[in-house]
Amino acid sequence: MTGSDRTGDCGGFCLAELLLAFGLLTFGLLAVGQLLAVTAALGCLDRSKGTAAIAARSTMESLSDLYRRNPSDGAFAPGVHGPRTIGIRDPWSGAALNLYRITWETDAVGDPRPGIHVRARRVTVHVVPIGEGGEVNIRPMFNQSLDLTTVFGPGTP
């Protein structure tokens, strides 16, 4: 009796082997799907962080210019100022990419030497993503808030 004459031989893949192969293929495709979803979310987070940085830098530049022109402006009084709403738009289609609520907090810069007062201000810009209706729109893996701090003083460029 030869091997091909056996009654238990199925002449290819048996049912158990096919089920095992389909099970492995299914779990592999599910894993790849999850990786693609995470990759898409990270791209969105990267874009959101980049546009938030652009909004913070733009606000910081306008405050720096204002400080050079008028250091005693009300925008530099101690406390929280704002909010401003800034929208980042796609330059090709004009569609809104992200909306942000921007506030800034101003504090005096202390000097450890007694009797010395520094004519400088520490400014922290807070950038928070908002939705179309103005509500806070922080979603993990898609967008985050951003804080940027600097010191303005005499000779600020």
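The values are calculated or read from the model by the stated rules, or taken from the named source; none is laboratory data. For clarity, every value in this text was computed on a predicted model and none was experimentally measured. Using ideal geometry, Cβ is built from the backbone for each residue, glycine included, and neighbour counts are taken over all protein chains shown.
Each row is one residue, and each column tells you yes or no for (1) of a type in the set (Phe, Trp, Tyr); (2) in a strand (DSSP E or B); (3) at pLDDT 80 or above.
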residue: 31; (1), (2), (3): no, no, yes
residue: 36; (1), (2), (3): no, no, yes
residue: 48; (1), (2), (3): no, no, no
residue: 88; (1), (2), (3): no, yes, no
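Search the stretch 90-118 for residues being surrounded by 10 or more Cβ atoms within 10 Å (Cβ to Cβ) and aliphatic (A, V, I, L, M), and hand back the single one that is modelled with the highest pLDDT. The selected residue is 102. If you check 94, 74, 50, 79, which single one turns out to be free of Cβ contacts under 8 Å to residues at least 40 places away in the same chain, touching a Ser or Thr at 6+ places or on another chain (Cβ under 9 Å) and not charged (D, E, K, R)? Testing whether each residue is free of Cβ contacts under 8 Å to residues at least 40 places away in the same chain, touching a Ser or Thr at 6+ places or on another chain (Cβ under 9 Å) and not charged (D, E, K, R) leaves just 79.
Entry remark, the stretch 90-131: residues being in a loop (DSSP other than H, G, I, E, B) and more than 20 Å from residue 54 (Cβ to Cβ) number 12 in total.
Annotation: of all residues in the stretch 71-86 being among the small types (Gly, Ala, Ser) and part of a loop (DSSP other than H, G, I, E, B), the one that is farthest from residue 149 (Cα to Cα) is 72. Scanning the stretch 50-70 for residues that are over 14 Å from the mean Cα position of the chain (by Cα) and either modelled with pLDDT under 85 or not in a helix (DSSP H, G or I) (or both) yields one hit, 70.
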